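*Asks:* Below: one structure in structure tokens.
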Amino acid sequence: MNLNGLNSQQKEAASVVNGPLLILAGAGSGKTRTITYRMANLIKNHHINPETILALTFTNKAAKEMRERIRKLVGKSLAPLTLTFHSLGLNILRDEITKLGMTKNFTLYDRSDQLSILRQALKHLKNGKTFDKQTLLSMMGDLKNKNISPEQYKHTLEFDESDDYCIALEFCYGYITEKMKYFNAIDFDDILLLTNKLFEENPDLASKYSKKYKYITVDEYQDTNPIQFNILKALTKEHENICVVGDDDQSIYKFRGADITNILNFESLYKNSTVVKLEENYRSTSQILDLSNIIIKENKTRKDKALWSSKTSGKLPFLWQTLDSTHEAQIVIDEIEQLRSKGVSLNEIAILYRSNTQVPPFEDQLRLSMVPYRILGGKKLYERKEVKDIIAYYSLVLNHFDEISLRRILNVPTRGIGIKTLEKYLNLSQEKRMPLYKTLQSFSLEDAKVQRFVQIIENFKEKYKALSLKEFIELIINSVSYIEYLPKLYDSPKQIEIRKNILYSLGEAASRFEAKYTGNAIHRDFLEKILLADAQGDEDEEEKNEVTLMTLHSSKGLEFEYVFMVGVEEELLPHKRTIINNEDIEEERRLCYVGITRAKEQVYLTYCKERTIYNKKSPRHISRFLLNLDKYYTKQDRTTLNHLSEKEAEEYKANIFKGLHDLLD
């Protein structure tokens, strides 16, 4: 195994074997290539047991890419373990959660399951105020990511006794935590919270896993939060063989709990660190990098580095001034049509924006121009009601403590079990201190409808182990007559057909999972895969010839030949909320930097003279991030034809007149 395929900085990083290593990898600098070669070097040249090597990522997609790359270098049999943080946490909890007073067949709850328990909690909170439930759940998730328990919350800086939301959260956080433990369930944020709790309360357990994983690699280290930081400290308890790769200039997830100080302070935490900077960019032209470098250089809290590229195009980035949001969309889509006419594939084009409120004019114009597009972050298969209903049956079979799933499906499809019947058994459940499902089993002998439901679940319990995933899903759908139930939900035959296809898609997804599966708990692992993929935002990888629309936050890690960054103006980038609250302008500047460095060939920056906000026209101003940088971009006023040559202007006018003539005809 040689490292000749790497540049000098990459080779330096890949050659480090022992001790803490910080790889500062700028955008497009080949970080994944570097760390996979490093792991291959450990295995092939230094004969380190691959079972002692662990690579951690943030998404299933990143884990899959890294796994495929390392297998090409060392072969499938020698490939080390490559997981997301949450997958690692789940693996540990499956083996160790009994130490926290729960059983190993726990259920993983999603956002809607959490909402169900939150609604119950708010019924007990009688202060007459209506609370936004999503806000409360986000606040609770933030506390978990900061390792703040319900008992600790009231004594932290996050708690404000004059804030009604803080008062409500204090009660709801404790209520939800207690209920979920009773239901033998955890949510996405609990995975890391409880893993960390295991390590904190059981130092011998931390030592056990630290001895198991002697060489640890962490991708996108700048995105780690306090909980992940603690887990990594536990995993390196017996050694300091940790390699972290990341870029402080791309730290843009503070709102999710990411703590940039983790990467900035790495060298002070690990005293004998080796630091390697990857600054050669293989993605963008030098003109794009010149602009991004001069922008990010203004940040004071960062590691000094400057990206460079041997790729030159001779074209500076464009900065376009537009009239308003409608005109902005028109000129962007006009340019996209020009690119398409020159043979550029639409899937090589992206429109990036700071806020989802910017999307409608672009959607309107794309539809009018009949340009195919997709908006990243659309509704996923597993978020559909039909799929969630079937998954709830599935979950109840595996965990009869799962009251949220039980309540979801008790009368779905409709079987005549109304709210009064449910309340009767809920009261009995509390009175007898029994799980709700056990209560239904024990006290429904004279209630034929409830008995029939129990019989269905018991039948599933008897049969599921002998069936494939797809067969079991089909058994659920057929046994409860779910297809026959669809006309009660939807009037349109087209909608009914769509929902049928969604259910069939679930079966096909199960078949694909089964074809690749190698473990011994396939039903449980399939459900976890569904919920983890949903929570981590992994997108469908099927590539179509469409323009991609997405937020700047969603664009990190992606690249396109042509990027349109729209609305690069004050109160959008930086965002108005950041300006008003005097918050972290540097993170907004990093967001601008991330957007620009997504482009390989050309980047177009646009801003409006005015926007209509809350039905009122407001003047707009170019973002402070672009001020006084005229030499780094070509500025054009697109509100006139001045940016065109005389010949181009005549052609443009002729096309307009032709279009009007066609309309009149």
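*Asks:* Along the Cα→Cβ direction, 7 angstrom out, place labels at D163 and D334. What is the inter-label distance in nm?
*Replies:* Rounded to a tenth, the inter-label distance reads 4.7 nm.
*Asks:* Using θ = phi - 60° and the Karplus curve 6.51 cos²θ - 1.76 cosθ + 1.60, what whole-Hz ³J(HN,Hα) does each residue of the stretch 594-604 get, with Gly and Pro shown as x?
*Replies:* Along the stretch 594-604, the couplings run 4, x, 5, 7, 6, 7, 8, 9, 8, 10, 10 Hz.
*Asks:* What is the gain in length, in nm to one decimal, between K385 and S8 on full extension, counting 0.36 nm per residue of separation less the C-alpha to C-alpha distance?
*Replies:* Going from the current span to full extension adds 130.5 nm.
*Asks:* HN-Hα J couplings of the stretch 297-303 from phi, Karplus 6.51/-1.76/1.60, θ = phi - 60°, integer Hz, Gly and Pro as x?
*Replies:* 4, 5, 5, 8, 9, 6, 7
*Asks:* So, one more: Kindly flag which residue pairs out of K432/K488; K420/K463; K72/K529 have an alpha-carbon separation exceeding 29 Å in this structure.
*Replies:* K432/K488; K420/K463
*Asks:* Now, a different point. Nearest 0.05, what FRET efficiency do Y504 and Q451 give at R0 = 25 Å with Cβ-Cβ as r?
*Replies:* 0.20
*Asks:* Size of the dipole of the chain about the Cα centre, Lys and Arg at +1 and Asp and Glu at -1 on the beta carbon, nothing else charged, in debye to 20?
*Replies:* That gives the chain a dipole magnitude of about 1440 debye.
*Asks:* Let me ask you something else. With +1 on each Lys and Arg Cβ and -1 on each Asp and Glu Cβ, how big is the dipole of the stretch 1-145 about its Cα centre, in debye rounded to the nearest 20?
*Replies:* Values: 22 positive and 10 negative charges, 60 e Å.
It comes to approximately 280 debye.
*Asks:* Between the stretch 436-469 and the stretch 557-598, how far is it from one alpha carbon centroid to the other, in angstrom?
*Replies:* About 53 Å separates the Cα centre of the stretch 436-469 from the one of the stretch 557-598.
*Asks:* Give me the Kirkwood hydrodynamic radius of the stretch 91-204, using the inverse of the mean 1/r over all pairs of distinct Cα atoms, in Å to one decimal.
*Replies:* 14.8
*Asks:* Among I391, I252, P150, whose Cα projects farthest towards the positive end of the dipole of the chain, with charges put on the beta-carbon of Lys, Arg (+1) and Asp, Glu (-1)?
*Replies:* I391
*Asks:* Show me, for the stretch 547-557, the HN-Hα J-couplings you get by feeding each phi into the Karplus relation (A = 6.51, B = -1.76, C = 1.60, θ = phi - 60°), rounded to Hz, glycine and proline as x.
*Replies:* 5, 9, 10, 6, 6, 4, 4, 6, 7, 4, x
*Asks:* Further question on the same structure: Would you compute, from DSSP H runs of 4+ residues alone, the mean residue ellipticity of the chain at 222 nm, taking -39500 (n - 2.57) per run and dividing by the full residue count, rounded to the nearest 500?
*Replies:* That comes out to -15500 deg cm²/dmol.
*Asks:* Which residues' amide hydrogens lie under 5 Å from the amide hydrogen of L278, considering only partners 5 or more residues apart or on another chain, with H built in the peptide plane?
*Replies:* Those qualifying (amide H under 5 Å, at least 5 residues apart or on another chain) are L24, A25, G26.
*Asks:* Scan around L21 for amide H atoms under 5 Å from its own, H built in the peptide plane at 1.01 Å from N, and keep only partners 5 or more places away or cross-chain.
*Replies:* Residues meeting the criterion, in which the H sits 1.01 Å from N, are I242, C243, V244, T274.
*Asks:* What full-extension length gain, to one decimal in nm, is calculated for Y490 and S341 as 0.36 nm per residue of separation minus the Cα-Cα distance?
*Replies:* Values: separation 149, 0.36 × 149 = 53.64 nm, distance 4.17 nm.
Result for the pair: 49.5 nm of gain on full extension.
*Asks:* While we're looking at this one, here's another question. Find out how many positive minus negative residues lie around N628, taking Lys and Arg as positive, Asp and Glu as negative, among other residues whose Cβ is under 14 Å from that of N628.
*Replies:* So the environment of N628 carries a net charge of +2.
*Asks:* Restricting things to Cα coordinates, could you compute the convex hull volume per residue of the chain in Å³?
*Replies:* 196
*Asks:* Return the long-range amide H neighbours of T236 (sequence gap of 5 or more, or a different chain), with a cut-off of under 5 Å between placed amide H atoms.
*Replies:* none
*Asks:* If you don't mind, another one. Say each of K315 and N91 gets a label point 7 Å from the Cα, pointing the same way as Cα to Cβ; how far apart are those two points in nm?
*Replies:* With each label placed 7 Å out from Cα toward Cβ, I get 4.6 nm.
*Asks:* K303 to K635: extension gain in nm, 0.36 nm per residue of separation minus the Cα-Cα distance?
*Replies:* Answer, rounded to one decimal: 116.5 nm.
*Asks:* In terms of Cα to Cα distance under 20 Å, which lysines are near enough to K576, apart from those fewer than 8 places away along the same chain?
*Replies:* List returned: K254, K609, K616, K617.
*Asks:* If you don't mind, another one. Per the Debye formula with a single identical scatterer at each Cα and no solvent contribution, what log10 I(q)/I(0) holds for the stretch 6-62 at q = 0.14, 0.16, 0.27, 0.28 Å⁻¹?
*Replies:* Values, matching the q order: -0.40, -0.52, -1.28, -1.32.
Laboratory data are not the source of any read-out in this text; all were calculated from the coordinates shown. This is a predicted model, so every value here is computed, not measured. All Cβ positions, even for glycine, are placed from backbone atoms using ideal geometry, and neighbour counts span all protein chains on display.
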